[in-house]
Amino acid sequence: QVQLVESGGGSVHAGGSLRLSCAASRRTNSNNGMAWFRQAPGQEREFVAGINWSGDQKLYSDSVEGRFTISRDRAASTVFLQMNTLEPEDTAVYYCAVGRSAYASRNTGSYAYWGRGTQVTVSS
């Protein structure tokens with residue numbers, strides 16, 4: 001069983017930045033795609049960004065394209081999400097996930113392991 005621990009969430013004003021990190025309990029995800037999803041109160045979990053095993057394939061949702069950057073450190077089994085120019089609409093619990101394959105995907109069903117989430121709150 002892979003355990004994922006997210007960190008880096010917090011409260012910022014609109015226009016601010018945060019950097020999320022997600023560390024895996026063991027190095028089983030180095031050959032798997034990873035991703036960030038988010039879920040706001042009363043809404044479904046939505047895809048934010050994904051990255052393939054090598055880091056050269058990256059996917060973003062339209063709402064974060066150009067503002068967020070996903071990256072990974074395979075040696076440390078860690079994935080990051082740099083979030084810039086944050087907006088109140090970005091407020092949510094952010095979850096990282098390890099994929100079932102080597103590739104990034106926008107679908108929740110493509111991910112086998114999930115973290116417990118970290119809260120991001122953006123005030124106007």
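Contact map, the range 63-82: residues that are closer than 15 Å to Cys96 by Cβ and part of a loop (DSSP other than H, G, I, E, B) paired with residues that are open to solvent by 40 Å² or more (accessible area, probe 1.4 Å) and of a type outside the set (Gly, Ala, Ser), Cβ distance under 9 Å, separation 6+ or inter-chain. Pairs shown: Arg74/Arg27; Arg74/Asn31; Arg74/Trp53; Ala76/Arg27; Ser77/Arg26; Ser77/Arg27; Ser77/Thr28. Residues that are under 11 Å from the mean Cα position of the chain (by Cα) and at pLDDT 95 or above within the range 93-113 comprise Val93, Tyr94, Tyr95, Cys96, Ala97, listed in sequence order. For the range 1-32, a residue qualifies if it is closer than 11 Å to Cys96 by Cα and of a type outside the set (Ser, Thr, Tyr), and the qualifying residues are Gln3, Leu4, Val5, Glu6, Leu20, Cys22, Ala23, Ala24.
The residues in the range 83-116 that are more than 27 Å from Ser11 (Cβ to Cβ) and assigned to a loop (DSSP other than H, G, I, E, B) can be counted, and the count is 8.
Suppose the filter is surrounded by fewer than 18 Cβ atoms within 10 Å (Cβ to Cβ), at pLDDT below 95 and small (Gly, Ala, Ser); does Ser25 pass it? The answer is yes for Ser25. Filter the range 37-74 for residues that are β-branched (Val, Ile, Thr) and either at pLDDT below 95 or surrounded by fewer than 18 Cβ atoms within 10 Å (Cβ to Cβ) (or both) and give the result. Residue satisfying the conditions is Thr69 alone. Any idea which of Val5, Val12 is over 19 Å from Leu86 (Cβ atoms), touching a strand residue (DSSP E or B) at 6+ places or on another chain (Cβ under 7 Å) and of a type outside the set (Gly, Ala, Ser)? Only one candidate qualifies: Val5.
The values are calculated or read from the model by the stated rules, or taken from the named source; none is laboratory data. Just so it is clear, the model here is predicted, and its values are computed rather than measured. Because the Cβ atoms are built from the backbone with ideal geometry, glycine has one as well, and the counts that use them run over all protein chains shown. Heavy atoms of the whole protein, side chains included, go into the accessibility calculation; ligands, DNA and RNA do not. Shrake-Rupley method; radii C 1.70, N 1.55, O 1.52, S 1.80 Å.
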